[in-house]
1. Report the calculated FRET efficiency for residue 257 and residue 306 (r = Cβ-Cβ distance, R0 = 35 Å), to the nearest 0.05.
2. Where a ≥ b ≥ c are the square roots of the eigenvalues of the C-alpha gyration tensor, would you call the stretch 397-445 rounded, which needs a/c under 1.5, or, failing that, prolate if a/b is larger than b/c, or oblate?
3. In nanometres, what is the gap between the two model label sites at residue 426 and residue 22, each 7 Å from Cα along Cα-to-Cβ?
4. Only residues of the stretch 288-326 count here: report those whose backbone N is under 19 Å from the spot 7 Å along Cα→Cβ of residue 356, or say none.
5. Average the reciprocal distances over every distinct pair of alpha-carbons in the stretch 3-102, invert the result, and give the Kirkwood radius in Å.
6. Fully extended, how many nm does the chain gain between residue 390 and residue 277 (0.36 nm per residue separation, minus their Cα-Cα distance)?
7. Spin-label point model (7 Å from Cα, Cβ direction): what's the residue 96 to residue 176 distance in nm?
8. Given a Förster distance of 41 angstrom, what is the FRET efficiency for residue 397 paired with residue 138, based on the Cβ-Cβ distance and rounded to 0.05?
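Each reported figure results from applying straightforward, stated rules to the coordinates on display, with no laboratory input. Just so you know, these numbers come straight off a predicted model, no measurement behind them. Because the Cβ atoms are built from the backbone with ideal geometry, glycine has one as well, and the counts that use them run over all protein chains shown.
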Ligand code: MV4
């Protein structure tokens with residue numbers, strides 16, 4: 001691998017660029033007209049404009065991205081996260097053009113991208129899933145299943161994921177209409193009306209396992225707790241989770257078993273719910289590198305993008321599971337251009353004052369610079385501030401100190417930093433009483 005094309009923008013484009021340069025790769029960054037002055041564009045060896053600001057005409061524009069790769073002579077493409085990262089057709093076209101796709105195989109994506117199929121494969125692999133059904137064939141089947149598992153139940157779209165296409169149902173009277181509406185919504189949103197049912201797990205912890213495969217073997221890089229989220233947008237993530245040792249061990253073993261079962265290649269994340277009794281259930285798999293991968297890097301000392309590039313270059317994973325040590329505790333906060341006092345509605349502005357924190361065990365992943373104008377066309381993530389220390393208590397204190405010295409201001413610009421300060425000060429958070437209802441229950445009002 002000599003020249004890597006980065007088919008993404010913002011902080012993840014910069015993150016990939018940094019590791020690629022350390023490996024001596026030439027870097028090509030594709031960008032929209034709106035990102036012409038972005039930091040990744042300024043730092044890359046080559047930059048190719050692939051279209052106007054709108055994602056459909058740029059970062060989702062497969063012909064233009066492939067053309068940029070061919071014109072620049074790139075022999076590999078890293079998709080980052082979001083956009084085309086989990087698009088099997090794109091991964092296949094890249095491979096068909098003799099270019100290396102840095103990520104899982106199209107087969108991995110097709111199998112695990114469908115949530116009902118992923119559930120079935122998990123069951124086959126002996127991995128615990130939430131009591132529920134495969135894709136529903138009739139409302140009658142839904143009624144029988146819901147009676148068997150008990151209300152409340154949750155309807156999920158097979159082609160959904162990340163909380164999209166989910167619908168909670170409390171009684172049988174509501175079920176028929178809910179199934180028909182969920183199928184309609186899924187058809188409209190994903191072009192696939194298939195839905196399935198699961199028992200609704202009340203107030204779970206949301207814990208995900210990082211895995212890495214080379215097609216022969218799969219290693220886990222421990223787990224992350226991402227329960228602090230709002231409307232399925234993660235806001236704060238930490239590693240390791242606060243689960244008892246035996247629950248964590250079960251979860252990690254299950255994740256490796258499922259990823260091995262499908263011959264998984266590259267980095268991936270298996271999402272689980274853990275109920276109050278410590279039962280864990282696989283719910284879905286993300287076939288991409290994730291926003292929150294830095295907390296895993298901080299507690300393992302590994303560079304996940306480098307490992308992805310090495311696997312993509314055909315190098316077998318030399319590490320054994322025993323080589324991967326978990327050390328200390330890491331917490332990441334997502335700094336979004338959103339106003340927490342106005343229901344997290346998007347905020348834009350030009351960066352006038354920018355002072356990032358530093359000191360031992362503090363990391364900032366951000367593409368911002370003084371004078372940068374935040375484009376309104378993309379997601380609101382401005383930066384991730386991550387702290388590591390030898391235990392959770394110390395990490396909370398260090399991250400809180402880091403946020404207190406952070407200055408990020410601009411005309412009219414609001415960010416989620418004040419919200420994160422409150423979370424880190426919150427007694428329930430400090431005690432680890434963190435469940436998916438934390439924001440609604442502990443941070444509202
Ligand atoms: C669930 C659940 C409870 N019971 N499934 C699926 C997508 C993922 N991002 C969140 N998902 C959930 N699936 C069952 N059977 C709870 C969640 C969930 C959640 C649901 C509603 C509102 C916020 C949530 C935050 C984390 C997890």
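1. Using R0 = 35 Å, I get an efficiency of 0.85.
2. Oblate shape, in that a/c is at least 1.5 and b/c is the bigger or equal ratio.
3. Between residue 426 and residue 22, the label points sit 3.3 nm apart.
4. 290-299, 301-306
5. It works out to 13.0 Å.
6. Length difference between fully extended and current span is 37.9 nm.
7. 4.5
8. Step by step, r from the Cβ atoms, then E = 0.15.
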